[in-house]
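Take a look at the structure below.
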Amino acid sequence: MSKPQISVVITVYNEEDNIQPLLEATYSALEAIDYEVILIEDGSTDRTVEEVKKYANSRTKLIIFNRNFGQTTALAAGIDMATGEYIATMDGDLQNDPTDIPVMLQKAIDEEWDVVAGRRANRKDGFVLRKIPSKIANWVIRNSTKVYLNDYGCTLRVYKAEIAQGMGLYGELHRFIPVLAKQQGAQMTEVDVKHHPRIHGESKYGLSRTFKVMSDLILMLFFQKYFQRPIHLFGGIGLIAFMIGIVINFYLLILKLIGEDIWGRPLMILGFILVLGGIQFVTTGIIAEIIVRTYFESQNKKTYTIKSVYQGIQKPLEDLQILPNDKMGSNL
């Protein structure tokens, strides 16, 4: 059985009123493409499952979770199940428009992009509670990770399958998918996509996610810079703290030798804290290095990714340029 050209992964959670128009719009948009649709039902408490079963066609798979795991886990499950050469992701709330997928897919094929990300050019969301926090988050992520996309919150993206299936999605890292893709060396671009106001159901996002996003950003920065060499982070901090502590303690030792009372000084407490903290940071770095090596070696993982391999072909003897014996001898 041949692979479909594209797998469309859609996460749904309490979207019973959106299922019929969502599937009808998706089937209509993809009718000229060899496709499959994978819906991940993330522990809904309404009739989402029944609606999907009612309107799904023969190219549609439904993955049903036994409880709500969150959007990142749902995306990971759908991507793992996908068999297409390309994988598209989108939300199930009808705010993404499936008619953008064929255009994005064609751009990925024609221009050989690994990721084509959607950019909501005319976003139909509330200004104060959605747009402003999103703009701030996008600016912070863009400038801290140096992955220059304008809209990290848009789920509508098209990936080469090997990129999507190699990202390793955990926790709530769906907003950082472009960063994870960039770590694999993915070449990506953005295109303007349509965005519609939510008609049915309620948004699952709000200001409460801000602190989670900031926490995940710290994790992503660590992954970007120090995942394969954690000793460079912990060891560097540890050595600096240790050296400052040694200098402080040496200064206090000199004062003690010349007869001054140093007991109870805040500087002495700081010196001991820095020395002990420095030792702990260095020790943590060594342990982290061992864990990273175990992670890669125990699973036979590589610390690099190969984009492609070219195999040369053997040419007929008459096509090869043979040097005369005298010229060959002159090079010895």
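At least 3 residues being modelled with pLDDT under 75 and either farther than 30 Å from A186 by Cβ or open to solvent by less than 70 Å² (accessible area, probe 1.4 Å) (or both) is the threshold, and among the helices (runs of 4 or more DSSP H) wholly inside the stretch 219-332 those reaching it are 325-330. On the stretch given as the stretch 71-113, residues that are more than 18 Å from A29 (Cα to Cα), open to solvent by less than 20 Å² (accessible area, probe 1.4 Å) and not hydrophobic (A, V, I, L, M, F, W, C) total 2. Within the stretch 137-154, residues that are free of Cβ contacts under 8 Å to residues at least 12 places away in the same chain have Cβ atoms under 8 Å from residues that are of a type in the set (F, W, Y) in these pairs: R142/Y148; R142/Y152, counting only partners at least 6 apart in sequence or on another chain.
With T73, T45, T26 as the choices, which residue is polar (S, T, N, Q) and either within 24 Å of G168 (Cβ to Cβ) or part of a strand (DSSP E or B) (or both)?
Working: T45 fails: either within 24 Å of G168 (Cβ to Cβ) or part of a strand (DSSP E or B) (or both); T26 fails: either within 24 Å of G168 (Cβ to Cβ) or part of a strand (DSSP E or B) (or both).
Among T73, T45, T26, only T73 is polar (S, T, N, Q) and either within 24 Å of G168 (Cβ to Cβ) or part of a strand (DSSP E or B) (or both).
Name the residue that is modelled with the lowest pLDDT, counting only residues in the stretch 198-218 that are polar (S, T, N, Q) and in a helix (DSSP H, G or I).
S208
Filter the stretch 55-70 down to the residues that are open to solvent by 80 Å² or more (accessible area, probe 1.4 Å) and in contact (Cβ under 8 Å) with a residue 12 or more places away in the chain, then identify the one that is nearest to the chain's Cα centre (by Cα).
Of all residues in the stretch 55-70, those open to solvent by 80 Å² or more (accessible area, probe 1.4 Å) come to 58-59, 64, 66-67, 69.
Narrowing the set further to residues that are in contact (Cβ under 8 Å) with a residue 12 or more places away in the chain leaves 59, 64, 66-67, 69.
Working: R59: 27, I64: 23, N66: 25, R67: 23, F69: 17 Å.
Selected residue: F69.
Here E15 meets each of (1) assigned to a loop (DSSP other than H, G, I, E, B); (2) touching a His at 6+ places or on another chain (Cβ under 6 Å); (3) crowded, with 24+ Cβ neighbours inside 10 Å; (4) not aromatic (F, W, Y) with one exception, condition (2). Filtered by the rule that a residue be open to solvent by less than 20 Å² (accessible area, probe 1.4 Å), out of contact with any Pro (no Cβ under 7 Å at 6 or more places or on another chain) and in a loop (DSSP other than H, G, I, E, B), the stretch 141-167 gives D151, C154, T155, L156, M167. Residues in the stretch 168-187 include at least one that is over 20 Å from N96 (Cβ atoms), touching a strand residue (DSSP E or B) at 6+ places or on another chain (Cβ under 8 Å) and open to solvent by less than 50 Å² (accessible area, probe 1.4 Å).
The values are calculated or read from the model by the stated rules, or taken from the named source; none is laboratory data. Only a predicted model underlies this, so the values are computations on that prediction, with no experimental measurement involved. Cβ coordinates were reconstructed from backbone atoms using ideal geometry, including for glycine residues, and neighbour counts include every protein chain displayed. Ligands, DNA and RNA are excluded from the accessible area calculation, which covers all protein heavy atoms including side chains. Shrake-Rupley method; radii C 1.70, N 1.55, O 1.52, S 1.80 Å.
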